[in-house]
Amino acid sequence: MRDRFSPQTLTLVHSVYIYGSIATGKAVAGRSDLDLTLILNKAPSKHDSDLIESKRRNFEIANPIVSKVDFGIGFLEDIVSVDASLAWRYWLKHHCRCIAGEDLAEDIPLFRPSRSLALEVNGDFEQVLGKYHRLLLVSRPASNNGRPVREASRNLIRSTNMLRKDRDIDWPDTLEEHVARFQGLFPDHRDELQYFFSRPGNPQRSLSILQDGSKHSWVG
């Protein structure tokens, strides 16, 4: 992946980062995804986007040791400008490891846990869940919609970190830590979050819960 996406190979690419289970040494061969963040020097043209997608798919086909190759794409301006995105800078500093190009995280200071950071990182959860909801509406009753359900569930679980107080000094990392923290705050909703944590394969029930999710007191 370093050879395929390095700035020397693709001039549009500023730097490449790995994150997720492979970066943390917890990957399982044949089951885990390969998760990468690409920081681009500018917005890609259609030709650039097609080329990046082609390289991703070819690598995925040639390397079944990973279940899927996922890209998160950001732009250099969003990280180095005066109005730099707090979420992107936090993401690079605390979750990514540079494998090609200039490591932008070196010039980013460590972040202190806070509610404002949680809101910045997860504040778009309503839009994200809305996207998954629309996807499930279109794909049902297809058999391949288990993955969007799992991804939506994970996003919902991580978004519960927004319920923290500024005085809290902890910062959950894994899904298990998010669940444990939430259940300590809202024990009456234990079953609801456990349902999402189980990564359900029942798209119909998940549709209804995603649709009504913003009505829950712990989400709203």
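A few remarks follow.
- The alpha carbon convex hull volume per residue for the range 22-83 rounds to 85 Å³.
- Annotation: extensible slack from ARG97 through LEU185 equals 28.4 nm (criterion: 0.36 nm per residue apart, minus Cα-Cα distance).
- Of all the options ALA100, ALA118, ALA180, the one that moves most in a Gaussian network model of the chain with Cα springs shorter than 10 angstrom is ALA180.
- Probing with 1.4 Å while keeping every protein chain in the model, the per residue accessible area of the range 11-90 equals 54 Å².
- 3J(HN,Hα) couplings calculated from phi for the range 2-11 with the Karplus curve 6.51 cos²θ - 1.76 cosθ + 1.60 (θ = phi - 60°) are, in sequence order, 4, 5, 6, 10, 5, x, 6, 8, 10, 5 Hz; Gly and Pro show x.
- Per-pair calculated FRET efficiency, R0 = 35 Å: GLU126 and ASP170 via Cβ, rounded to 0.05: 0.90
- GLU177 exposes around 90 Å² of accessible area when a 1.4 Å probe is run over every protein chain in place.
- With 10 Å bins from 0: P(r) over the range 1-122, alpha-carbon pairs, percent: 13, 42, 34, 11, 0
- Percent RCO, i.e. relative contact order, over the chain, from Cα pairs under 8 Å lying at least 6 residues apart: 17
- Spin-label pair THR11-LEU51: with each label point 7 Å from Cα along the Cα-Cβ axis, the two points sit 0.9 nm from one another.
- Peptides 61-71, 31-41 ordered by packing proxy, namely the average of other Cβ atoms within 10 Å per residue, highest first: 31-41, 61-71.
- Relative frequency of Cα-Cα separations exceeding 28 Å in the chain, percent: 37
- Site pair SER81 and ARG4 shows an inter-label distance of 3.0 nm when each label is modelled 7 Å from Cα along Cα→Cβ.
- Fluctuation leader among GLY123, GLY74, GLY25 - the chain, Gaussian network, Cα springs under 10 angstrom: GLY25
- Fully extending the segment from SER114 to PHE71 would add 12.8 nm, taking 0.36 nm per residue of separation and subtracting the current Cα-Cα distance.
- Of the solvent-accessible surface of the chain, computed with a 1.4 Å probe and all protein chains present, 50% belongs to carbon and sulfur.
The values are calculated or read from the model by the stated rules, or taken from the named source; none is laboratory data. Just so you know, these numbers come straight off a predicted model, no measurement behind them. Glycine gets a Cβ as well: all are built from the backbone with ideal geometry, and neighbour counts include every protein chain shown. Each accessible area value is taken on the protein alone, full model and side chains, heavy atoms only, with ligands, DNA and RNA left out. Shrake-Rupley method; radii C 1.70, N 1.55, O 1.52, S 1.80 Å.
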